[in-house]
1. Specify which of the listed residues (ASP177, ASP173) is part of a helix (DSSP H, G or I), more than 20 Å from SER82 (Cβ to Cβ), open to solvent by 10 Å² or more (accessible area, probe 1.4 Å) and in contact with a helix residue (DSSP H, G or I) (Cβ under 6 Å, 6 or more places away or on another chain).
2. GLY163: in a helix (DSSP H, G or I), surrounded by fewer than 19 Cβ atoms within 10 Å (Cβ to Cβ) and of a type outside the set (Val, Ile, Thr), yes or no?
3. Which one is most open to solvent (accessible area, probe 1.4 Å) among residues in the stretch 372-391 that are touching a Leu at 6+ places or on another chain (Cβ under 7 Å) and modelled with pLDDT of 95 or more?
4. Exactly one condition in (1) in contact with a helix residue (DSSP H, G or I) (Cβ under 6 Å, 6 or more places away or on another chain); (2) open to solvent by less than 60 Å² (accessible area, probe 1.4 Å); (3) within 23 Å of ASN404 (Cα to Cα) is not met by LEU134; state its number.
5. What pairs can you find where one residue is in the stretch 118-143 and touching a residue at least 40 places away in the same chain (Cβ under 8 Å) and basic (Lys, Arg), the other is open to solvent by 10 Å² or more (accessible area, probe 1.4 Å) and part of a helix (DSSP H, G or I), and their Cβ atoms are less than 6 Å apart, with a gap of 6+ or different chains?
6. Among all residue pairs at least 6 apart or on different chains, which show Cβ distances below 6 Å where the first residue, located in the stretch 398-422, is open to solvent by 40 Å² or more (accessible area, probe 1.4 Å) and the second is outside any helix (DSSP H, G or I) and among the hydrophobic types (A, V, I, L, M, F, W, C)?
Amino acid sequence: AEAVLRRFLPRAFRRSVGDKQVQIYVDLTMPEIELSNARVEDGLHVAVRRALVSPNFIYRSPRPGRLDDYDLASRLSYCLTSSPPDDQLFELAALGKLSDPEILKSETLRLLSSDRCSYFVKSFTGQWLGTRRLHDIMPDPRLFFYYEQHRVSMTNEVEMLFGEVLRENHSLDTFIDPGFSYRHKSLNKIYGDELEGNHMQRVEFQRGGRHGGILGLSAVMMATANGVDTHPVQRGVWLLENVFGTPTPEPPDNVPAIAPDTTGTTTMRSLVEKHRADQSCARCHDKIDPLGMVLENFDPVGRWRDNYPIYVQPDDGEALKEEFYANTGKGTKPGPPIDSVGVLIDGTRLEDVTDLKRYLVENIDIFSRCLTGKLLVYATGRQLDFGDRRVIDKVVGDVKRRGNGFRDLIVAIVQSEAFSVK
């Protein structure tokens with residue numbers, strides 16, 4: 001039973017009971033059957049069954065407290081590759097070496113450089129930036145002729161941008177104002193530039209502009225709208241939660257949602273201000289609305305606009321197509337101008353998204369703390385508590401002194417106390 005079990009479940013069994021306890025473990029399973037009359041298969045069945053239902057096998061780390069090397073291997077591997085530990089991690093765990101900070105750092109860098117790290121990129125961006133929501137959104141055809149290939153390319157842009165920042169250890173402000181992205185001809189129509197080729201390619205542009213970075217990605221702008229109308233409140237809540245790290249409480253049940261004016265005669269700002277007029281709502285909306293309005297120039301698919309569009313039928317009766325639906329196309333006429341000014345709680349006035357980008361780059365610790373917290377939640381699978389603030393502050397400070405590289409941030413998180421304790 002011992003030999004076959006080792007062969008049948010080599011990783012799971014070593015993870016579950018440890019090599020030194022194999023014989024003891026098998027002995028403990030045998031009283032369930034009459035050994036004098038039992039077949040070899042009966043003994044194997046009981047041993048495998050006991051291993052599969054063991055809490056040490058079912059859960060990554062069932063015991064509270066500091067993780068042992070096997071638990072550490074599992075947490076590291078599932079965080080960075082979304083899969084069980086490989087042979088090298090198991091070998092280091094068996095030798096008790098993985099908890100050595102330098103070896104743990106080396107293994108973290110090895111996994112970050114492996115092909116399996118693409119699962120981390122896809123999974124984390126899908127949760128943090130909300131690109132998973134794109135599956136459930138169908139844009140108004142007056143905005144954009146949208147097909148599955150557009151959803152895929154929008155998602156790819158996010159993941160390729162995130163992947164380069166991770167691969168090249170770019171500084172954290174690159175997420176806010178990178179000066180580059182990945183696009184192709186069809187996707188680039190959203191951003192208004194000319195680009196040849198139907199394959200995703202790296203494009204460079206001047207930093208400090210409207211597009212680029214997580215605050216100008218079409219995927220993010222679409223995920224924070226509904227495909228038909230923009231929602232400043234929803235976008236403001238998203239910014240507070242995922243960029244500023246100051247989430248707001250859920251709204252009361254008796255507060256109605258903003259109903260957009262389809263005639264185009266009422267501005268979005270006047271609709272938003274109805275909520276802020278209520279003193280019970282103003283406490284949160286004073287934080288939410290200014291940030292949401294700063295992004296109002298982006299339409300529901302992330303295209304820039306200076307006026308709200310009003311859709312009309314062309315006089316010549318020609319069938320409408322995508323080129324007519326654009327904010328300046330034949331099928332639209334300019335509506336009310338967009339007022340994107342927002343004033344933050346600290347009194348900072350923001351004219352549009354370019355000011356918001358500049359503010360975050362100049363106060364990058366705000367974003368660094370938020371991103372560190374998101375990564376810790378993702379890595380540990382639990383919500384953060386008060387004690388984690390100290391860990392986050394230490395990680396952010398240490399990484400900033402080393403240049404604020406994103407890969408350095410992940411290494412620092414893995415080496416932190418919060419990562420190695422359940």
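1. Answer to the check: ASP173.
2. yes
3. Taking the stretch 372-391 first, the residues touching a Leu at 6+ places or on another chain (Cβ under 7 Å) are 372-373, 376-377, 384, 388.
Cutting the leftovers down to modelled with pLDDT of 95 or more gives us 372-373, 376-377.
Details: THR372: 1, GLY373: 9, LEU376: 2, VAL377: 45 Å².
Restricting to residues being touching a Leu at 6+ places or on another chain (Cβ under 7 Å) and modelled with pLDDT of 95 or more, the top hit is VAL377.
4. (3)
5. If the second residue must be open to solvent by 10 Å² or more (accessible area, probe 1.4 Å) and part of a helix (DSSP H, G or I), the pairs left are ARG142/TYR325.
6. Matching pairs, first to second residue: none at all.
Here's the yes/no breakdown for (1) more than 22 Å from ASP229 (Cα to Cα); (2) open to solvent by 50 Å² or more (accessible area, probe 1.4 Å); (3) at pLDDT 90 or above; (4) touching a strand residue (DSSP E or B) at 6+ places or on another chain (Cβ under 7 Å):
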| site | (1), (2), (3), (4) |
| --- | --- |
| LYS287 | no, yes, no, no |
| VAL294 | no, no, yes, yes |
| ARG303 | no, no, no, no |
| ASN327 | no, no, no, yes |
| SER368 | yes, no, yes, no |
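To keep it simple, each residue is scored yes or no on (1) part of a helix (DSSP H, G or I); (2) within 23 Å of the chain's Cα centre (by Cα); (3) not polar (S, T, N, Q).
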residue: PRO334; (1), (2), (3): no, no, yes
residue: ILE345; (1), (2), (3): no, no, yes
residue: ASP355; (1), (2), (3): yes, no, yes
residue: ARG358; (1), (2), (3): yes, yes, yes
residue: LEU371; (1), (2), (3): yes, yes, yes
residue: VAL395; (1), (2), (3): yes, yes, yes
residue: VAL399; (1), (2), (3): yes, yes, yes
residue: GLY403; (1), (2), (3): no, yes, yes
residue: ASP408; (1), (2), (3): yes, yes, yes
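The values are calculated or read from the model by the stated rules, or taken from the named source; none is laboratory data. Remember, it's a predicted structure, so these values are computed and weren't measured experimentally. Heads up, the Cβs are rebuilt from the backbone with ideal geometry, glycines too, and the neighbour counts pull from every protein chain shown. Side chains are part of the model used for accessible areas, which takes the heavy atoms of the whole protein and leaves out ligands, DNA and RNA. Shrake-Rupley method; radii C 1.70, N 1.55, O 1.52, S 1.80 Å.
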